[in-house]
Amino acid sequence: MQGIFLLLGGNIGDRIAYLQKAQKLIVSNAGTIKNSSAIYETAPWGLSEQPDFLNQTLEIESELSASDLLQKLLAIEVSLGRERHHQWNARTIDIDILLLGNQVIQEENLTIPHPRLHLRKFCLIPLTEIAPQIIHPVFNQTITQLLNTCEDPLEVRKYNNKINS
């Protein structure tokens, strides 16, 4: 399946190394990386008393179903030291499925498109970099249009060049 967009992020440990390791594990376990954004740094969203996050958007191609893809990504997070204690806690790595083609999925443990994609500049800015004209299947607007109307006040700064997987 094409048009799968993931958001990688983390804010503890060697943040760049965790992004690189996550990319390698995605390639070996979940799909082929077709495109990647630059890396962006952002203050934490939701729980401000923690280090800044690095985020990057990937476009992948995968033959996995949505639920199988989610399970592979959760396993990658665990293998890289992700611990889930509280929502918005500091983490080594977080891998979110932002979009899965034009699918709309509402299951107990999986919602696609990501339910807060349109509210977060740290999702929209890197996604706009690699897929500005993709249409959000719920709001029927391009990612660029969603970014232009996003009210998220957090600054999103380009961190450095792309990393190679």
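Does Ile163 satisfy the criteria of being more than 15 Å from Asn55 (Cα to Cα), in contact with a helix residue (DSSP H, G or I) (Cβ under 7 Å, 6 or more places away or on another chain) and either modelled with pLDDT of 95 or more or not in a helix (DSSP H, G or I) (or both)? Against the criterion (more than 15 Å from Asn55 (Cα to Cα), in contact with a helix residue (DSSP H, G or I) (Cβ under 7 Å, 6 or more places away or on another chain) and either modelled with pLDDT of 95 or more or not in a helix (DSSP H, G or I) (or both)), Ile163 does not qualify.
What residue, among those in segment 96-105 that are under 11 Å from the mean Cα position of the chain (by Cα) and within 16 Å of Gln71 (Cβ to Cβ), is surrounded by the fewest Cβ atoms within 10 Å (Cβ to Cβ)? Spell out the reasoning first.
Here is the first cut: in segment 96-105, the ones under 11 Å from the mean Cα position of the chain (by Cα) are 96-99.
In the following step, the residues that additionally are within 16 Å of Gln71 (Cβ to Cβ) were identified as 96-97.
Working: Asp96: 18, Ile97: 22.
Looking at residues that are under 11 Å from the mean Cα position of the chain (by Cα) and within 16 Å of Gln71 (Cβ to Cβ), I get Asp96.
Tell me the residue from Ser37, Ser48, Ser28 that is at pLDDT 95 or above, small (Gly, Ala, Ser) and over 14 Å from the mean Cα position of the chain (by Cα), please. Matching residue, one of Ser37, Ser48, Ser28: Ser28.
If you filter segment 65-95 down to residues that are modelled with pLDDT of 95 or more and charged (D, E, K, R), you find that the one that is surrounded by the fewest Cβ atoms within 10 Å (Cβ to Cβ) is Asp68. For segment 106-141, the candidate set comprises residues that are without any contact (Cβ under 8 Å) to a residue 12 or more places away in the chain and within 16 Å of Ile4 (Cα to Cα); within that set, the residue that is surrounded by the most Cβ atoms within 10 Å (Cβ to Cβ) is Thr111.
For segment 58-71, state whether one or more residues are hydroxyl-bearing (Ser, Thr, Tyr) and under 14 Å from the mean Cα position of the chain (by Cα). Working first, answer last.
As a first pass, look at segment 58-71 and keep what is hydroxyl-bearing (Ser, Thr, Tyr): 62, 65, 67.
Checking which are under 14 Å from the mean Cα position of the chain (by Cα) leaves us with none.
Within segment 58-71, none of the residues are hydroxyl-bearing (Ser, Thr, Tyr) and under 14 Å from the mean Cα position of the chain (by Cα).
Of all the listed residues (Ile26, Ile33), the sole one being assigned to a strand (DSSP E or B), β-branched (Val, Ile, Thr), out of contact with any Lys or Arg (no Cβ under 7 Å at 6 or more places or on another chain) and closer than 22 Å to Leu110 by Cβ is Ile33. As a summary of the residue check, Ser67 satisfies the conditions (1) under 22 Å from Tyr18 (Cβ atoms); (2) touching a residue at least 40 places away in the same chain (Cβ under 8 Å); (3) not in a loop (DSSP other than H, G, I, E, B) except for the one numbered (1). How many residues are farther than 16 Å from Leu124 by Cβ, hydrophobic (A, V, I, L, M, F, W, C), buried (at least 17 other Cβ atoms within 10 Å of the Cβ) and in contact with a helix residue (DSSP H, G or I) (Cβ under 8 Å, 6 or more places away or on another chain) when one looks only at segment 1-53? Counting residues in segment 1-53 that are farther than 16 Å from Leu124 by Cβ, hydrophobic (A, V, I, L, M, F, W, C), buried (at least 17 other Cβ atoms within 10 Å of the Cβ) and in contact with a helix residue (DSSP H, G or I) (Cβ under 8 Å, 6 or more places away or on another chain) gives 5.
The values are calculated or read from the model by the stated rules, or taken from the named source; none is laboratory data. Fair warning: this is a prediction, and the values are worked out from it, not measured in the lab. With ideal geometry, Cβ positions are generated from the backbone for all residues, glycine too; neighbour counts draw on all protein chains shown.
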